[in-house]
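Below is one structure; the comments refer to it alone.
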Ligand code: TXA
Ligand code: MG
């Protein structure tokens, strides 16, 4: 296939942001770092621009996008925030929490963003580059992870270039992302909180901040976060979980006492492991070994989100 673009890499400095904002205003897509993973951003009010996101990723049109905002005020222009949502926003924004909220009729968002749902997923990112791009372009920015649909999420600019090179005009390079795992997605439901996707903000912290119980709304409850499809984050090779040793032909991703060819965290630190997870999968996928094995990671705190992504990588 003939590439549509020569994909440029630019630093996230003032000039880079200004150029990115120019592209956004012209209805183009731009890959930009956030504190979780790199996102592929476009003006959420412009259907042609949003359609370019779906096309570049090869994303099914039924899978809605997250809209990134500067803060609570901008969120309230787009969606209805009840008291519990406001409490969560006050506790965790800017940061890696996405809230699914009833969309306002007058929000002016492209209907492609919601993919037919009456709700909108909104997140206020902590990364200065994404915040600067929202400010400079003056737009709420729809941004899914900047990878081909179903592939491993990108935690550095090179991951984006390898996945979307030739399909987008620009990658803003802000180095490796700090959290490494996509935002926690939650929805307030009156007397409880539904956890739609585990992420860097663990369920316990949502309970503490809101005083409400958190109920996991996984795939057994119907597709709540439609992108939470079983096979996702998929390397091109088979993945075996809970490995204690490498079998013949396996590239072993270690954790703690399990050393491996590479380690998510030699000290068994879960935040460090989350930040390293997707880069390790990218490295294992690019290695000469025909198969990937991954050590056990405990199911506590952000370990739940790590195991969620690993299960999908192995599915
Ligand atoms: O950390 C993140 O959230 C990153 C960065 C770039 O912000 N973004 C991200 O986007 O992970 P994406 O598109 O890869 O994942 C968005 C998820 C999908 O599972 C999608 O189905 C779900 O959010 N989603 C979007 N709108 C929704 C809605 N109205 N109701 C339920 N789930 C929704
Ligand atoms: Mg994604």
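For residue 126, indicate whether it is within 20 Å of the chain's Cα centre (by Cα), more than 16 Å from ligand 2 (Cβ to nearest atom) and part of a loop (DSSP other than H, G, I, E, B).
Details: within 20 Å of the chain's Cα centre (by Cα): yes; more than 16 Å from ligand 2 (Cβ to nearest atom): yes; part of a loop (DSSP other than H, G, I, E, B): yes.
Yes: the conditions hold for residue 126.
Hey, any hits in the stretch 182-189 for a residue that's within 14 Å of ligand 1 (Cβ to nearest atom), over 15 Å from the mean Cα position of the chain (by Cα), closer than 21 Å to residue 101 by Cβ and surrounded by fewer than 20 Cβ atoms within 10 Å (Cβ to Cβ)? For the stretch 182-189, residues within 14 Å of ligand 1 (Cβ to nearest atom), over 15 Å from the mean Cα position of the chain (by Cα), closer than 21 Å to residue 101 by Cβ and surrounded by fewer than 20 Cβ atoms within 10 Å (Cβ to Cβ): present. As a summary of the residue check, residue 3 satisfies the conditions (1) surrounded by fewer than 21 Cβ atoms within 10 Å (Cβ to Cβ); (2) assigned by TED's automatic domain parsing to the domain that holds residue 157 except for the one numbered (2). When the test is whether a residue is part of a loop (DSSP other than H, G, I, E, B), crowded, with 21+ Cβ neighbours inside 10 Å and in contact with a strand residue (DSSP E or B) (Cβ under 7 Å, 6 or more places away or on another chain), residue 260 passes it. For the stretch 93-122, the set of residues classified as under 10 Å from residue 79 (Cβ atoms) and buried (at least 20 other Cβ atoms within 10 Å of the Cβ) consists of 99, 100, 101, 103, 109, 120, 121, 122, listed by residue number.
Does residue 271 meet the test of being more than 30 Å from residue 196 (Cβ to Cβ) and either outside the structural domain of residue 288 (by TED's automatic domain parsing) or surrounded by fewer than 22 Cβ atoms within 10 Å (Cβ to Cβ) (or both)? The answer is no for residue 271.
Residues in the stretch 265-315 that are more than 21 Å from residue 177 (Cα to Cα), in contact with a strand residue (DSSP E or B) (Cβ under 6 Å, 6 or more places away or on another chain) and at pLDDT 95 or above: 287, 289, 291, 292, 293, 294, 295, 296. Just one of the numbered conditions (1) over 30 Å from residue 192 (Cα atoms); (2) in contact with a helix residue (DSSP H, G or I) (Cβ under 7 Å, 6 or more places away or on another chain); (3) within 12 Å of ligand 1 (Cβ to nearest atom) is not true of residue 27; which one? Only one criterion in (1) over 30 Å from residue 192 (Cα atoms); (2) in contact with a helix residue (DSSP H, G or I) (Cβ under 7 Å, 6 or more places away or on another chain); (3) within 12 Å of ligand 1 (Cβ to nearest atom) is unmet by residue 27, namely (3).
Conditions tested, residue by residue: (1) away from ligand 1 (no atom under 11 Å from the Cβ); (2) farther than 18 Å from residue 183 by Cα.
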| residue | (1), (2) |
| --- | --- |
| 58 | yes, yes |
| 87 | yes, no |
| 98 | no, no |
| 110 | yes, yes |
| 138 | yes, yes |
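Say whether the condition of being within 12 Å of ligand 2 (Cβ to nearest atom) and free of Cβ contacts under 8 Å to residues at least 60 places away in the same chain is met by at least one residue in the stretch 154-166. So far as the stretch 154-166 goes, yes, one or more of its residues are within 12 Å of ligand 2 (Cβ to nearest atom) and free of Cβ contacts under 8 Å to residues at least 60 places away in the same chain. Confirm whether residue 153 is over 13 Å from residue 39 (Cβ atoms), within 13 Å of ligand 1 (Cβ to nearest atom) and part of a loop (DSSP other than H, G, I, E, B). Criteria not met by residue 153. For the stretch 159-170, does any single residue satisfy the condition of being more than 17 Å from residue 19 (Cα to Cα), touching a helix residue (DSSP H, G or I) at 6+ places or on another chain (Cβ under 9 Å), at pLDDT 95 or above and near ligand 1 (Cβ under 10 Å from one of its atoms)? Looking for residues that are more than 17 Å from residue 19 (Cα to Cα), touching a helix residue (DSSP H, G or I) at 6+ places or on another chain (Cβ under 9 Å), at pLDDT 95 or above and near ligand 1 (Cβ under 10 Å from one of its atoms), one finds none in the stretch 159-170, hence no. Filtering the stretch 285-297 for residues that are out of contact with any helix residue (DSSP H, G or I) (no Cβ under 6 Å at 6 or more places or on another chain), without any contact (Cβ under 8 Å) to a residue 40 or more places away in the chain and assigned to a helix (DSSP H, G or I) leaves a non-empty set.
Which one of 51, 75, 61, 20 is assigned by TED's automatic domain parsing to the domain that holds residue 150, under 18 Å from residue 146 (Cα atoms) and buried (at least 19 other Cβ atoms within 10 Å of the Cβ)? Being assigned by TED's automatic domain parsing to the domain that holds residue 150, under 18 Å from residue 146 (Cα atoms) and buried (at least 19 other Cβ atoms within 10 Å of the Cβ) holds for just one of 51, 75, 61, 20, which is 20.
Could you tell me whether any residue of the stretch 131-149 is within 16 Å of ligand 2 (Cβ to nearest atom), out of contact with any strand residue (DSSP E or B) (no Cβ under 9 Å at 6 or more places or on another chain) and touching a residue at least 24 places away in the same chain (Cβ under 8 Å)? Working first, answer last.
Step one: list which residues in the stretch 131-149 are within 16 Å of ligand 2 (Cβ to nearest atom), which gives 141-149.
With the extra rule that they be out of contact with any strand residue (DSSP E or B) (no Cβ under 9 Å at 6 or more places or on another chain), the set shrinks to 148-149.
Right, trim to touching a residue at least 24 places away in the same chain (Cβ under 8 Å) and you get 148-149.
Yes, there is a match, as at least one residue in the stretch 131-149 is within 16 Å of ligand 2 (Cβ to nearest atom), out of contact with any strand residue (DSSP E or B) (no Cβ under 9 Å at 6 or more places or on another chain) and touching a residue at least 24 places away in the same chain (Cβ under 8 Å).
The values are calculated or read from the model by the stated rules, or taken from the named source; none is laboratory data. None of these values were measured; they are calculated from a predicted model. FYI the Cβ positions are ideal-geometry reconstructions off the backbone, even for glycines, and counts take in every protein chain you see.
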